[in-house]
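Single-structure report; data block below.
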Amino acid sequence: MAEVIIVPDAAAAGALVADEIASLIAADPEVVLGLATGSTPLPVYEALRPRLEGVDVSKVRGFALDEYVGIDPEHPESYRNVIRREVVEPLGLDPARINTPNGALETIQHAGDDYEKAIAAAGGVELQILGIGTDGHIGFNEPGSSFASSTRVKTLTEQTKKDNARFFDSVDQVPTHCITQGLGTILRARHLVLLAFGEGKADAVAGAVEGPVSASLPGSAIQLHPRVSVVVDEAAASRLRRADYYRYAWDNKPDWQGL
Ligand code: GLP
């Protein structure tokens with residue numbers, strides 16, 4: 001099962017996950033990280049910054065989860081630009097080693113396969129950071145996505161378009177399609193770290209961790225993975241039935257086990 005870690009706030013979650021990522025980079029300067037967009041992972045990137053000062057990160061590799069299809073590559077909200085602004089530049093990573101699925105229309109028919117090949121050629125993702133949508137989506141795998149899916153084009157739900165309209169002038173400007181790592185792709189990463197904060201994520205977290213494994217709640221795919229850390233604040237943990245057990249297990253965790 002997933003290890004559920006209930007922390008006081010997003011900053012504590014960021015510190016915990018940043019410690020783990022900094023140790024991975026120390027152990028392997030060419031480590032392959034799975035990066036995510038959205039507001040949820042931001043505390044991790046913020047906490048990483050001081051931890052990586054003076055560390056050679058020039059060989060760190062990364063793969064983002066998803067991108068909008070057909071978005072102007074110069075658009076500030078293309079995920080390529082978001083990852084550059086929020087992760088690559090502040091942490092001093094080499095942009096040439098950080099990949100985002102290619103949403104350009106000209107190459108979209110093989111962009112998913114190309115991305116899968118690039119991840120495989122890099123040796124796979126070591127640690128994949130994940131947020132979760134209020135409807136339980138991870139990456140842009142909307143409800144109904146196959147657990148065996150690879151990187152491919154998906155149609156965004158009306159809800160996701162509305163949720164993301166804040167980054168555009170209007171909801172009509174939000175692209176209809178995205179290209180996202182599949183649930184099968186995500187499950188191939190060696191360690192999944194799913195973060196969630198706030199009451200609005202409580203149902204999605206409870207469904208992902210304790211609900212039935214169902215394509216109707218894509219986040220529940222994490223139950224099929226052997227190594228998952230779910231790092232949540234009290235509000236996001238508020239609908240978990242076994243919260244007392246998770247706290248007990250974390251409080252009594254042997255030091256040598258790490259995250
Ligand atoms: C988008 C992203 C997801 C992210 C979700 C939640 O749909 N594609 O990767 O998990 O939004 O975003 P936030 O973390 O801002 O709540």
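Computed extension gain for A121 through S214, at 0.36 nm per residue and net of the alpha carbon distance, reaches 30.4 nm.
Could you list the GluC sites (Glu not before Pro) in the range 183-238 that lie in coil according to DSSP, counting only those with at most 15 other Cβ atoms within 10 Å of their Cβ? Can you show the working numbers first?
Numbers: sites: E199, E210, E234; in loops: E234.
Within the range 183-238, the qualifying GluC sites (Glu not before Pro) (loop, at most 15 other Cβ atoms within 10 Å) are E234.
Here L224 sits with roughly 100 square angstrom of accessible surface, probe radius 1.4 Å.
With a sphere of radius 11 Å drawn around the Cβ of G144, what net charge do the other residues whose Cβ falls strictly inside it have (Lys, Arg +1; Asp, Glu -1)? List each step's numbers first, then the result.
Values: positive: K154; negative: D135, E142.
Around G144, the surrounding residues sum to -1.
Modelled spin labels at D72 and V153, positioned 7 Å past Cα toward Cβ, are 2.2 nm from each other. Across the range 95-107, computed HN-Hα scalar couplings (Karplus, 6.51 cos²θ - 1.76 cosθ + 1.60, θ = phi - 60°) run x, 5, 9, 10, 10, 10, x, 8, x, 5, 4, 4, 10 Hz from first to last residue, x flagging Gly and Pro.
Taking amide H as placed 1.01 Å from N in the peptide plane, N99 has its amide H under 5 Å from the amide H of G62, F63, A64, each at least 5 places away in sequence or on another chain. For the set R49, R166, R61, R242, solvent exposure ranked by accessible area (probe 1.4 Å, protein chains only) runs largest to smallest as R166, R49, R242, R61. Taking a threshold of 30 Å on the Cα-Cα distance, which of the pairs K161/K253; K59/K161; K59/K117; K59/K253 fall above it? Going by Cα-Cα distance, K161/K253; K59/K161; K59/K253 fall outside the 30 Å limit.
Rounded to the nearest 500, what is the 222 nm mean residue ellipticity of the chain from helices alone, with -39500 (n - 2.57) per DSSP H run of 4+ residues and division by all residues?
Details: 8 runs with 78 residues, N = 259.
Counting only the DSSP helices, I get -9000 deg cm²/dmol.
Here's the list of aspartates and glutamates a cross-link from K201 could span, going by alpha-carbon distance under 17 Å and ignoring same-chain residues fewer than 8 apart: D9, D135, E142, D163, E210, D233, E234.
Counting other C-beta atoms within 10 Å, and keeping those with at most 16, which DSSP coil trypsin sites (Lys or Arg not before Pro) do you find in the range 182-226? Passing both the DSSP loop test and the Cβ count: R190.
Distant-in-sequence amide contacts of A235, defined by a placed amide H-H separation under 5 Å and a gap of 5 or more residues or a different chain, comprise G198.
Taken one residue at a time, the phi angles of the range 38-55 give Karplus couplings (6.51, -1.76, 1.60, θ = phi - 60°) of x, 6, 4, x, 3, x, 5, 5, 5, 6, 6, 3, x, 6, 9, 4, x, 9 Hz. Gly and Pro are set to x. Local charge sum around P226 (other residues, Cβ-Cβ under 13 Å, Lys/Arg +1, Asp/Glu -1)? The answer is +2. The string of couplings for the range 174-184 from the Karplus curve (6.51, -1.76, 1.60, θ = phi - 60°) is 6, x, 7, 10, 9, 10, 9, 3, x, 5, x Hz, one whole number per residue in order, with x for Gly and Pro.
The values are calculated or read from the model by the stated rules, or taken from the named source; none is laboratory data. These numbers come from a predicted model, not from an experiment. Heads up, the Cβs are rebuilt from the backbone with ideal geometry, glycines too, and the neighbour counts pull from every protein chain shown. With ligands, DNA and RNA removed, areas are computed over all heavy atoms of the protein, side chains included. Shrake-Rupley method; radii C 1.70, N 1.55, O 1.52, S 1.80 Å.
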